[in-house]
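Report on one structure; see the data block that follows.
Nothing in this text is a laboratory measurement; each read-out follows from the coordinates by a stated rule. This is a predicted model, so every value here is computed, not measured. So basically every Cβ, Gly included, is an ideal-geometry build from the backbone, and we count neighbours across all protein chains shown.
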Amino acid sequence: MALDADRIRMDFPILESTMHGKRLVYLDNAATTQKPRQVIEKISDYYKTYNANIHRGMYEISIRATEEYVRSKELTANFINADSYRNIVYTRNTTESLNVLAMSLGEEVNKGDTILISTMEHHSNIVPWQMLAKRKGAVLEYARVADDRSSMDMSDVESKLGKKPRIVSITMASNVLGTVNDAKRITKLAHDNGALVILDGAQSVPHMKTNVKDLDCDFLAFSSHKMLGPAGIGVLYGKDELLEEMNPVLGGGDMIRSVDFQSSTWNELPWKFEAGTSNIEGGIGFGAAIEYLGDIGMENVKRHEDELTGYALKRFSEIPGMKVHGLKADRINDRIGVVSFSIEGAHPHDIAQIFDSEGIAIRAGHHCAMPLVNSVLNEDSVARMSFYVYNNKEDVDKVVSAIDRVKTVLRIKSKN
Ligand SMILES: Cc1ncc(COP(=O)(O)O)c(C=O)c1O
């Protein structure tokens, strides 16, 4: 059954609001998504009726809060086809998940070891590895983006895997280009070369069906706030035996089994990695977001975004002076609904500002991917719009009209 964006919109109170007196057209979903009533009410219900700390209480509302928090992890595990909630560590966001991995796995990295990432990465999958490389004297290698400036250069990936990196950490989908990488193939090749594989799912898990067993990745990181859930909750999925072997990076309450004056032993998974009081409302709210997406069906989410992206790319191809970065409409299956663009004669920040005055929220800048934007696309910044389940073709039409407005305000003459 196809997704009914107009019905879905009714679940999102914020979409009834206006910006500068115009209907809000929210197209900054790659940065964060809006939240449906079901998530907002789930959080509010927790505070109104069973607010208590988890794990510790021997009383009814604490037991209920604990059950709801664990249930959220069970829903998350099921959503990505993980074995159990034991494999689901809650962090603050994708960034924290990747940092935890860099710190914990980093203990086993030695001077001269190689870590392989790519030039397509978000800063959160670059900086933690730079920090680790500096700390340990390791070498950070980048697989390059191909000459189409859109897809991963797989021959470069293969050749750099030949140097036997200890860790390979790659994005499943680019937050600038929208490119979906062949994560399953990269994982297989990396494993064949003896590397541990981390996938950054921040832009893929919210937009398509994810199956960690089929991918066979060792770790996967993603964020609740990019998939209808609250901010402050991220996921670190890991294979059981690897999480068991790893040391926690934060110590304190809840992550221990026993403590004496000199040493401690660790709690069972996943609690060993969650020191101190958790983001309880975040976890519980995230569970509601997962249920909401599950009801829509991830195949429907992908199909809907493909349709909108195809429509946007077609409309944009008819606009003189407009340049779209990333794969074109003939490769719609290999991309998500992130469309970055430049307009000849217009600075991206001016575009975003004029869009704002038209009620349209998009983002402009380097999108926390400076190596990609500056060195691969040769731009200082680009404008980016990104879709989710509540967007429709009318939103794209509004963008096309706003581009006309940009050209008028900035007095850009069209060269046909
Ligand atoms: C590909 C990618 N990785 C990681 C992140 C970081 O996510 P967060 O800010 O939720 O940690 C983002 C955020 O935009 C992203 O797009």
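To the nearest 500 deg cm²/dmol, what mean residue ellipticity at 222 nm is calculated for the chain from DSSP H runs of n ≥ 4 alone, each contributing -39,500 (n - 2.57), summed and divided by the residues?
For the chain, the value works out to -11500 deg cm²/dmol.
Between Asp4 and Phe261, what is the label-to-label distance in nm when each label sits 7 Å out along the Cα-to-Cβ direction?
For the pair Asp4/Phe261, the computed spacing is 6.9 nm.
Using alpha-carbon positions, what is the distance between the centroids of the stretch 2-45 and the stretch 366-416, in Å?
Cα centres, the stretch 2-45 to the stretch 366-416: 22 Å.
Per the Cauchy relation, a quarter of the hull surface: what is the mean projected area of the convex hull of the alpha carbons in the stretch 1-90, in nm²?
For the Cα atoms of the stretch 1-90, the hull's average projected area reads 8.9 nm².
Non-local amide H neighbours of Thr91 (under 5 Å, H modeled in plane, Pro and chain starts lacking H): which ones?
Gly234, Val235, Leu236
How much length would be gained if the chain were fully extended between Ile63 and Glu268, taking 0.36 nm per residue of separation minus their Cα-Cα distance, in nm to one decimal?
71.9 nm
In cubic angstrom, how much convex hull volume per residue do the alpha carbon atoms of the stretch 178-227 span?
Spread over its residues, the Cα hull of the stretch 178-227 gives 71 Å³ apiece.
Hey, what do the phi angles of the stretch 47-57 turn into as Karplus ³J(HN,Hα) couplings, whole Hz, using 6.51/-1.76/1.60 and θ = phi - 60°, x for Gly and Pro?
5, 7, 10, 9, 5, 6, 6, 9, 6, 9, x
Could you give the distance between the Cα centres of the stretch 142-191 and the stretch 228-301, to the whole Å?
If we compute the Cα centre of each part, the gap is 28 Å.
On a 0 to 90° scale, report how tilted helix 280-296 is relative to the longest principal axis of the chain, with both axes built from alpha carbons and the result rounded to the nearest 10.
50
With no solvent and one point on each alpha carbon, what is the Debye value of log10 I(q)/I(0) for the chain at q = 0.11 Å⁻¹?
-0.85
Which angle from 0 to 90°, rounded to the nearest 10, does the C-alpha axis of helix 127-136 make with the longest principal axis of the chain?
On a 0 to 90 degree scale, this one is about 50.
Using a Cα-Cα cut-off of under 16 Å, which aspartates and glutamates could be cross-linked to Lys239, ignoring same-chain neighbours fewer than 8 residues away?
Lys239 reaches Glu74, Asp83, Asp200, Asp214, Asp216, Asp218, Glu268.
For Glu16 and Lys188, calculate 0.36 nm times their separation in residues minus their Cα-Cα distance, and state this gained length in nm to one decimal.
Contour length minus the Cα-Cα distance gives 57.3 nm.
What list of ³J(HN,Hα) values in whole Hz, one per residue of the stretch 385-391 in order, does the Karplus curve 6.51 cos²θ - 1.76 cosθ + 1.60 (θ = phi - 60°) give from phi, with Gly and Pro shown as x?
In residue order, the calculated couplings are 10, 8, 9, 8, 4, 9, 7 Hz.
When the chain is modelled as a GNM with alpha-carbon springs shorter than 10 Å, which of Asp83, Asp200, Asp28 fluctuates the most?
With Cα springs under 10 Å in the chain, the top fluctuation among Asp83, Asp200, Asp28 is at Asp83.
Which pairs in the list Lys213/Lys398; Lys163/Lys213; Lys184/Lys323 are over 29 Å apart, alpha-carbon to alpha-carbon?
Long pairs (Cα-Cα over 29 Å): Lys213/Lys398; Lys184/Lys323.
Starting at the first residue of the stretch 301-318, write each ³J(HN,Hα) from the Karplus equation 6.51 cos²θ - 1.76 cosθ + 1.60 with θ = phi - 60°, in whole Hz, x for Gly and Pro.
Per-residue couplings from phi come out as 4, 5, 4, 5, 5, 4, 5, 5, 5, x, 5, 5, 5, 5, 5, 5, 5, 8 Hz.
Could you rank the peptides 383-395, 310-322, 279-291 by their average count of other C-beta atoms within 10 Å per residue, with the highest value first?
Packing order, densest peptide first, comes out as 279-291, 383-395, 310-322.
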